[in-house]
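Notes follow the structure.
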Amino acid sequence: MKRVLLIVGGGIAAYKACELIRLLRKRGHAVRCVLTEGGSHFVTPMTLAALSEDKVYTSLWDLKDEAEMGHIQLSREADLVVVAPATADLLARMAAGVADDLATTLLLATDKPVLAAPAMNVRMWSHAATQRNVATLRGDGVTVLEPDEGAMACGEYGAGRLPEPDAVAAAIDRALAPVERRLSGKHVLVTAGPTHEPIDPVRYLANRSSGRQGFAIAGALADIGARVTLVSGPVTLPTPSGVTRVDVETAKQMAEAVERALPADAAVMVAAVADWRVDAAPQKVKKGSAPPALVLTENPDILAGLARHPSRPRLVVGFAAETEQVLEYAAAKRVRKGVDWIVANDVSGDVMGGDANTVHLVTANGIESWERLPKSTVAARLAERIADALEEPS
Ligand code: C5P
């Protein structure tokens, strides 16, 4: 039996929470409800108590509850915290880390996964502020479901309806399903992001890598139990949960951090390492009559170095971002660098910074082309393949 803590927010869709409780109970889950002040205008504590066959919690200031069960305990004894309906206001307060009532305090105090099913007017859903809050929450690891499209209680039409209760219940089952921790006990090293190579104290050479694919891979590896060291160049991404992050700026620093992170069972080098560094000027270069010439020196190839290293990880995976002849270059790179796999991608489109990626996995056995997938799915698939490879007898 799994325990769901269901936070019912204040919206007309709150009535669907009643059906959701019934479905979850039918699946054998225990449901304990928290009703917000807004929610209590749409459904009563009595209804939720009758359906959940449990006490319903409404106020942080209910001292009796604090004596019997503190809000911290309430937030942690569940296996999953579900917010349905999640109103625009509740999502905003969650994203900001506000804790001014029982629901938001529980959400800030919990150490359990959180799933939110939004429901609101179409304009409120599509508003930049709500979209920003949803992106923040997803970055924080909250599963935010996409609302349904359709006619709304307010008479408008569009995206913002609470997904049907059986769809929310199915998402809850997915979130509660035990993940196989196939990589537990394994250490995987991941590099991600660009490197910055200083020209002088205020300027640098860089590239367009956002770090998103590498961060997704680090997160996916941690999700299936790996101990992950993520060596990251300068990016603006949150650290995936369960990942140890080492921030660096230059290729030289990245090479040193990789060396320090060894030994590892596998390494996935996703970073777009600058090929050259500049003989940097100690002071800011002033504008003069002629533009200065930059003297470039080749950076160490971290991936090739790791493939030859005395403590070479068992599986070394490189990335190859190409704009032409992707497969030919990638296959040649695999051999030249002495690595096991190359994940090749065509970066002539909007891959850099975008959400999706089309990749080809180049191994000693040949080339596998994957369909265009969200970077998170590419990451999850690659993590499973890494687990397969490390499970093979060496
Ligand atoms: O040679 P190229 O830069 O195309 O190779 C890309 C692969 O090599 C990526 O996996 C990248 O992380 C890695 N690399 C590296 N150090 C470098 C250059 C590339 O680790 N200096």
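Only one residue in ALA103, ALA153, ALA99 is among the small types (Gly, Ala, Ser), touching a residue at least 60 places away in the same chain (Cβ under 8 Å), assigned to a loop (DSSP other than H, G, I, E, B) and at negative phi, so which one is that?
Working: ALA103 fails: assigned to a loop (DSSP other than H, G, I, E, B); ALA99 fails: touching a residue at least 60 places away in the same chain (Cβ under 8 Å).
None of the other options fit; the residue is ALA153.
Tell me which residues, restricted to segment 176-197, are crowded, with 16+ Cβ neighbours inside 10 Å and either assigned to a strand (DSSP E or B) or away from the ligand (no atom under 16 Å from the Cβ) (or both).
First, the residues of segment 176-197 that are crowded, with 16+ Cβ neighbours inside 10 Å: 176, 182-183, 186-197.
Of everything in segment 176-197, those that are crowded, with 16+ Cβ neighbours inside 10 Å and either assigned to a strand (DSSP E or B) or away from the ligand (no atom under 16 Å from the Cβ) (or both) turn out to be LEU176, ARG182, LEU183, LYS186, HIS187, VAL188, LEU189, VAL190, THR191, ALA192, PRO194, GLU197.
Quick one: GLU37 ticks every box in (1) assigned to a loop (DSSP other than H, G, I, E, B); (2) surrounded by 14 or more Cβ atoms within 10 Å (Cβ to Cβ) bar one, so which box is it?
Result: GLU37 fails condition (2) only.
Residues checked against (1) modelled with pLDDT of 95 or more; (2) within 13 Å of the ligand (Cβ to nearest atom):
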position	(1), (2)
GLU259	yes, yes
ASP275	yes, yes
LYS284	no, no
GLY305	yes, yes
ASN345	no, yes
ALA356	no, no
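Within 27 Å of LEU115 (Cβ to Cβ) and either modelled with pLDDT of 95 or more or in contact with a Pro (Cβ under 7 Å, 6 or more places away or on another chain) (or both) - does that describe any residue in segment 198-205?
Keep residues of segment 198-205 that are within 27 Å of LEU115 (Cβ to Cβ), which gives none.
For segment 198-205, residues within 27 Å of LEU115 (Cβ to Cβ) and either modelled with pLDDT of 95 or more or in contact with a Pro (Cβ under 7 Å, 6 or more places away or on another chain) (or both): absent.
Could you check segment 256-345 for strands (runs of 3 or more DSSP E) lying wholly inside it with 2 or more residues that are touching a Lys or Arg at 6+ places or on another chain (Cβ under 9 Å) and of a type in the set (Phe, Trp, Tyr)? Before the answer, list the steps.
Working: elements: 266-269, 276-278, 296-298, 315-322.
It comes to none.
So that you can scan it fast, the table gives a plain yes or no per residue for (1) buried (at least 19 other Cβ atoms within 10 Å of the Cβ); (2) without any contact (Cβ under 8 Å) to a residue 24 or more places away in the chain; (3) within 29 Å of GLY97 (Cβ to Cβ):
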{"position": "GLY139", "(1), (2), (3)": "no, no, yes"}
{"position": "VAL144", "(1), (2), (3)": "yes, no, yes"}
{"position": "ALA167", "(1), (2), (3)": "no, yes, yes"}
{"position": "ALA171", "(1), (2), (3)": "no, no, yes"}
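Being in contact (Cβ under 8 Å) with a residue 12 or more places away in the chain, of a type in the set (Lys, Arg) and outside any loop (DSSP other than H, G, I, E, B): is that true of ARG93 here?
Values: in contact (Cβ under 8 Å) with a residue 12 or more places away in the chain: no; of a type in the set (Lys, Arg): yes; outside any loop (DSSP other than H, G, I, E, B): yes.
When the stated conditions are applied, ARG93 does not pass them.
Pairs please, first residue from segment 294-307 and assigned by TED's automatic domain parsing to the domain that holds ALA271, second anywhere and more than 7 Å from the ligand (Cβ to nearest atom) and among the acidic types (Asp, Glu), Cβ atoms under 7 Å, 6+ apart in sequence or on different chains.
VAL295/ASP279; THR297/ASP279
So, in segment 324-343, of the ones that are over 20 Å from ALA379 (Cβ atoms) and more than 11 Å from the ligand (Cβ to nearest atom), which residue ends up surrounded by the most Cβ atoms within 10 Å (Cβ to Cβ)?
Per the criteria, the residue is ALA331.
The values are calculated or read from the model by the stated rules, or taken from the named source; none is laboratory data. None of the values given here were measured: they were computed from a predicted structure. Positions of Cβ are backbone-derived with ideal geometry, glycine not excepted, and every protein chain shown enters the neighbour counts.
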